[in-house]
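The values are calculated or read from the model by the stated rules, or taken from the named source; none is laboratory data. Values in this document were obtained by computation on a predicted structure and should not be read as measured data. Here the Cβ positions follow ideal geometry from the backbone for every residue, glycine too, while neighbour counts run over all protein chains shown. Just the protein is used for accessible areas: all its heavy atoms, side chains included, with ligands, DNA and RNA removed. Shrake-Rupley method; radii C 1.70, N 1.55, O 1.52, S 1.80 Å.
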Amino acid sequence: MKLSPRTPDEAQEEEIRDLLEERAKRLRDLEQNEANREEAVHLVAEFPLGEERYALPLEALRAALPLRMVTPVPLSAPHVIGVLRFQGQVLAALSLASLLGGHGWRQDPAVLLVLDRGDKELCAVDCEAIPRPIGLPVGAVEAARARSEGPILEVLFSPQPGQQQLVHLIDPPRLFARGGTGARNGR
């Protein structure tokens, strides 16, 4: 086999081919990373409750109001804070900590979250602070829903690579279907 020296054109063509192959590989990697980042998400309103993180589905949330708008109701159930007027309706203001089974707040609640209970009726629940919107991967939410029969879905997700976070997603229809017994996870 006789080796012949490459012409400048052949060397340049090989260099261009290598460069194009490298660019194609980078583009495939970039598309794969973007596809992973653009996974479908379930938008929720996340807030602290004691030492844990809780969330409500964003589609259930109607408003965030100051707690001072509540009128106490004497001799009401322990989970009832009082009543308030919202858009011409009188709504029950409920203690979320009590509904979830006795969790305590780290600080006094300052906000009421008006939400749809899942039956087209509205109510308000207390909260320490105005929630922040985050996206939970739909796959993680569905896996948590399959594992739980109660109103709290424990969703474990990765907000950033290498980091795991647990959010307790409240399912309002399941929570209010129990009648406000205060039992956690349907127990």
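Say R0 is 25 Å: what FRET efficiency, to the nearest 0.05, do Gln160 and Ala129 get from their beta-carbon distance? Please report the intermediate quantities before stating the final value.
On the way: r = 23 Å, r/R0 = 0.90.
Once rounded, the FRET efficiency stands at 0.65.
Which stretch or stretches of the stretch 84-98 have amide N atoms under 12 Å from the point lying 7 Å from Met69's Cα along the Cα→Cβ direction?
Zone members listed by number: 84-93.
For the stretch 91-168, with every protein chain kept in place, what is the accessible area per residue (1.4 Å probe, Å²)?
48
How large is the dipole of the stretch 111-159 about the Cα centre if only Lys and Arg carry +1 and Asp and Glu carry -1, each at its Cβ, rounded to the nearest 20 debye? Numbers along the way, then the final one.
Values: 5 positive and 8 negative charges, 33 e Å.
Computed about the Cα centre, the dipole is about 160 debye.
Please give, to one decimal in nm, the separation of the simple spin-label points placed at Arg85 and Ala146, each 7 Å out from Cα toward the Cβ.
So the label points at Arg85 and Ala146 sit 4.9 nm apart.
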